[in-house]
Amino acid sequence: MANVSSASHLSAELVFFFSGSLDHAVGIVINCWALWLIVSGKHSTIASELLTLNLLTVETFNSFCFFLSLIKTLLKVSSLVTFINFHRGMSVAGRAMFQCHVCVDRYLAVVHPMVFIRYKQLRCRGTCLAAVWLVVVCCGLTNAHLSGNITMLSFCSGAILAPALFIELFCSLSIVRILRRPKPGSKAQEKKEGDQQKKRAVRIIGVVLGMLVFNVVPFIVFPLFTKISIAVWSPIAMTFATFGSSTQAFLFLSRAGVLACKR
């Protein structure tokens, strides 16, 4: 029985590494390119893309750690186990929390612009980002020291991932509802340009929401099946959770107009 469980765990790990290698290889290149464009830009660019900067930093860290975990598995370096568990907990929570933060930021900008004007001050944003980083690091530490505790992992999934998914769903639907409203008294040209901007915004929101659902749902659903070993479902859930490491970078590069298809 133990041999069957070990074989299932190994198969799940191989699926995780095989499916993620190409994704993270592309992610490292694209994320570093996007980070360089933001950091080397004007001060206003850094301020306006502060959330994107933090999210891309998390994604880049995740991609590098993915290959470190691959080395750990292939060479059987047991000393890296704790760090890899920390990375996995941090990567899942980090993507969900920062994507949720981005969505709340857009929600305030579209639905509550007066609140957004006060919120977008660097001091307020810095405080919110520090709080998010604190939660993300705590999730990483929890997974590093309690990686085999199914009760604690289920609690963290319910306390962090499920609310993030609900908040982003609410914000996304609210933004779509507002963007679908026609502007009264708009001229034909202004209406056409406005419709194009709305369609682009809706597409971006749809991509972000779709990625969050794809990434987060397995970690919420799998713990409910107590008959499946955590050693088996954890790598499978990580495969879903870490896929799309360059999505946010592509969205930024598209907005910046540096992609060949956008020129």
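The values are calculated or read from the model by the stated rules, or taken from the named source; none is laboratory data. Since we're looking at a predicted model, the values are computed, not measured. Cβ: placed from backbone, ideal geometry, glycine included. Neighbour counts: every protein chain shown. We work out accessible area using only protein heavy atoms, side chains counted, and drop any ligands, DNA or RNA first. Shrake-Rupley method; radii C 1.70, N 1.55, O 1.52, S 1.80 Å.
SER157 satisfies every condition listed in (1) modelled with pLDDT of 80 or more; (2) open to solvent by less than 60 Å² (accessible area, probe 1.4 Å) except (1).
When VAL137 is tested against (1) modelled with pLDDT of 85 or more; (2) under 19 Å from VAL208 (Cα atoms), only condition (2) is not met. Whether any residue in the stretch 208-215 is more than 26 Å from SER245 (Cβ to Cβ), at pLDDT 65 or above and among the hydrophobic types (A, V, I, L, M, F, W, C) is what I want to check. No; the residues of the stretch 208-215 include none that is more than 26 Å from SER245 (Cβ to Cβ), at pLDDT 65 or above and among the hydrophobic types (A, V, I, L, M, F, W, C).
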